[in-house]
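The values are calculated or read from the model by the stated rules, or taken from the named source; none is laboratory data. Remember, it's a predicted structure, so these values are computed and weren't measured experimentally. Cβ coordinates were reconstructed from backbone atoms using ideal geometry, including for glycine residues, and neighbour counts include every protein chain displayed. All accessible areas refer to the heavy atoms of the entire protein, side chains included, with ligands and DNA or RNA removed. Shrake-Rupley method; radii C 1.70, N 1.55, O 1.52, S 1.80 Å.
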Amino acid sequence: MRAIWKGAVSFGLVSIGVKVYSATEEKDIRFHQVHREDGGRIRYKRTCSVCGEEVTYDDIAKGYDIGGGEMVILTDEDFADLPLSTSHAIDVLEFVPAEQVDPILYNKAYFLEPEGTATKPYVLLRDALSDSERVAIVKVALRQREQLATLRVREGVLLLNTMLWPDEIRRPDFGFLDEDLKVRPPELAMASSLIDSMAGEFEPDAFTDDYRAALQEVIDAKVEGREVVQPAEEEAAPAAAVDLMAALKASVERARAARGEAPSGGGAEPTPISSARSAKKTATKKTATKKTPAKKAEPAKKATPAKKTAAKKKPA
């Protein structure tokens, strides 16, 4: 890994020199835009919309549109004069319970490595933070932007999670929130039963990016010049449920069956699936019952007339 930033964690009167590394990486398969005919890369030129000339990076500045076609131009000197007190430091502001930080605020994650002689105070802060069962709220400036962040311990390393500012979180504004929708207690109970039947322990390694794997197969096939194997089609999504309760019951039973558990019995209400199975078994039993007496009845009918005929001949 390559360090993207160097600075120091300011913890009271203690300063801990650190290197910052990106803790995550995207595994998306990236493509270049190319000419379909010969595979040549498509290049874009930086041209000015006013004079039409090609512009070098040295002549590019940042412009803020204030409306009405007017633009405020900011140069590197303008940014250099901004009061970024945390430009070279990670300032610890306070320590709070981790559950008080809404996960929606989290943005990007970075590993911190101690630099030089800072290993001892680094380990001290790490262990103290672990014992406190809290996260540190800090301020840090990365890429010319001051950001709020948390500092916590992960696998023996200090992990910096940058956060969005509260005013960067959008508020949901959907029509259904104003509707007076009532959920019936039996429906809620069945939904809870479905959640219980699908409960488990989260293991990230158990999940894979099937689309990326299939796309890589296509690319490998192109490279090797072999026939591309069509990936198996996924199961079609179920249609919208008309009977919510029936759909919930069926979902619970399907989840139990997937886990190899026996269908719910006792006083529980039968689900559509179990009802269908029970009906099938009952029909099979009735068919077998009807066939068995039919075979035994035939000889009885033949024997009865023979006795009556003999009885009639005696009085004659």
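The table for this structure:
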| quantity | calculated |
| --- | --- |
| Which numbered condition Val55 fails, given (1) open to solvent by less than 100 Å² (accessible area, probe 1.4 Å); (2) closer than 30 Å to Asn107 by Cα | (2) |
| When residues of the range 87-116 are limited to those that are under 13 Å from Ser15 (Cα atoms) and surrounded by 10 or more Cβ atoms within 10 Å (Cβ to Cβ), the one modelled with the lowest pLDDT | His88 |
| Some residue of the range 148-161 being acidic (Asp, Glu) and open to solvent by 80 Å² or more (accessible area, probe 1.4 Å) | yes |
| Some residue of the range 65-81 being hydroxyl-bearing (Ser, Thr, Tyr) and either touching a residue at least 40 places away in the same chain (Cβ under 8 Å) or open to solvent by 100 Å² or more (accessible area, probe 1.4 Å) (or both) | no |
| Cβ-Cβ under 7 Å pairs, at least 6 apart or on other chains, the range 178-191 side surrounded by fewer than 10 Cβ atoms within 10 Å (Cβ to Cβ), far side assigned to a loop (DSSP other than H, G, I, E, B) and of a type in the set (Gly, Ala, Ser) | none |
| Residue among Ala8, Ala23 that alone is within 30 Å of Ile219 (Cβ to Cβ) and open to solvent by less than 80 Å² (accessible area, probe 1.4 Å) | Ala23 |
| Selected residue (criterion: most open to solvent (accessible area, probe 1.4 Å)) from residues of the range 117-147 that are modelled with pLDDT under 90 and of a type in the set (D, E, K, R) | Arg143 |
| Where Met71 falls short, out of the listed (1) out of contact with any helix residue (DSSP H, G or I) (no Cβ under 8 Å at 6 or more places or on another chain); (2) within 27 Å of Arg170 (Cα to Cα) | (2) |
